[in-house]
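A short worksheet on the structure shown next.
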Amino acid sequence: MKNPFNKKNKGPKKPLTIDQKINRRNFISFGTFFIASGVAYGGWKWLYNSPEETATVTAGARKPLRRALNQTELAFRRVFSNNNLVKTYPKEMAAKNVRHNEDIGNEGKIDAVAWKLQVRKKSGEILSISMDDIKALPKTDIVYDFKCVEGWDQISHWGGVSFVDFIKHFKLDDQTDLQYVGLETPDKEYYVGIDMPSAMHPQTLLAYEVNEKPLPPKHGAPLRLIIPVKYGIKNLKRIGSMTFSDKRPRDYWAEQGYDYYSGL
Ligand SMILES: Nc1nc2c(c(=O)[nH]1)N[C@H]1C(S)=C(S)[C@@H](COP(=O)(O)O)O[C@H]1N2
Ligand SMILES: [Mo]
């Protein structure tokens with residue numbers, strides 16, 4: 001029976017020869033490749049020619065890229081919950097040789113006895129907190145997979161006071177109505193801004209131990225931030241000061257074009 005939908009209807013179709021089949025496949029794959037490359041090149045060119053964002057708290061990224069980063073942040077913040085815990089591991093799985101990365105603002109000697117954490121409240125009032133004050137609080141440990149944006153990760157074991165316990169003890173509860181916490185090294189060379197929900201995540205620590213021993217200088221003695229819901233860049237070593245604000249605090253890597261939120 002003739003197929004009424006086949007307009008040309010020249011009888012049975014001649015099967016393609018092997019050579020014809022190969023030619024056709026080559027044509028399709030190369031065609032797809034050229035179109036895809038064109039689209040990719042066009043997209044890249046568009047991004048490349050877009051103006052750079054106005055330098056504020058964030059800088060160094062093309063405007064459309066920063067818009068995308070900020071949109072991603074909004075999407076992630078909507079699903080962020082302090083009930084979602086980062087996966088933890090038994091302490092036997094923690095690395096004995098803990099990786100060490102950059103030390104901006106964490107160079108040179110620091111006197112841990114003279115050191116004081118400067119906490120500036122929104123009223124302008126400043127609390128000076130010593131390591132003894134901090135160590136008097138209950139200690140919390142965490143063993144989790146620390147992730148650096150440079151592409152490495154490592155299961156490591158940290159100990160210190162949970163950020164939530166710290167806030168409660170020093171009666172900073174009203175400060176947590178603000179949207180951000182800012183942390184800076186004593187010399188102000190390295191600084192990060194953390195959104196309040198992430199700072200108040202139950203696994204966020206002000207850490208003074210690694211593998212149950214005092215933090216060595218290279219890991220941020222006497223006190224560093226360990227924030228498992230963020231990439232390594234936000235885990236500021238050698239904390240000098242802490243501030244609270246509704247505006248995004250300045251952030252070292254966000255000024256270089258990185259994502260401000262840097263969540264995991
Ligand atoms: N003061 C300070 N803190 C910092 C950094 C830095 O350069 N200076 N680098 C960050 C980055 S990119 C990473 S991955 C971690 C590395 O911490 P570690 O050296 O203890 O492994 O520290 C973070 N905190
Ligand atoms: Mo990093």
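FYI, it's all coordinate maths here, none of it is from the lab. Being a predicted model, the structure only gives us computed values, none of them experimental. Cβ sites come from the backbone with ideal geometry, for glycine too, and all protein chains shown count toward neighbours.
What to note about this one:
- Cα centroid separation, segment 77-111 to segment 239-264 (Å): 17
- Bridge orientation summary for the chain: considering DSSP beta bridges with both residues in this region, about 90 percent are antiparallel.
- Angle in degrees between helix 18-49 and the longest Cα principal axis of the chain, rounded to the nearest 10: 40
- Within the chain, longest stretch clear of exposed GluC sites (Glu not before Pro) (DSSP loop, no more than 11 other Cβ within 10 Å): 1-124
- The three principal axes of the C-alpha atoms in the chain carry coordinate ranges of 93, 46, 36 Å, sorted with the longest axis first.
- The magnitude of the dipole of the chain, with charges of +1 and -1 set on the Cβ of Lys/Arg and Asp/Glu and taken from the Cα centre, is near 2340 debye.
- Taken as Cα centroids, segment 130-174 and segment 8-62 sit 48 Å apart, rounded to the nearest whole angstrom.
- Placing dummy labels 7 Å off each Cα toward the beta-carbon, the span from residue 111 to residue 30 is 7.5 nm.
- Each Cα pair under 8 Å and six or more residues apart adds its sequence gap; the mean of these over the residue count of segment 74-187 is a relative contact order of 27 percent.
- Dividing the summed -39500 (n - 2.57) terms of all DSSP H runs of n ≥ 4 by the residue count of the chain sets its mean residue ellipticity at 222 nm at -8000 deg cm²/dmol.
- Against the main long axis of the alpha-carbon atoms of the chain, helix 63-79 sits at an angle near 70°.
- 11 Å reach of a label modelled at residue 179, 7 Å along Cα-to-Cβ, counting backbone N of segment 235-249: 245-249
- Positive-end residue, the chain charge dipole about Cα centroid, Cβ charges, pick of 118, 192, 138: 192
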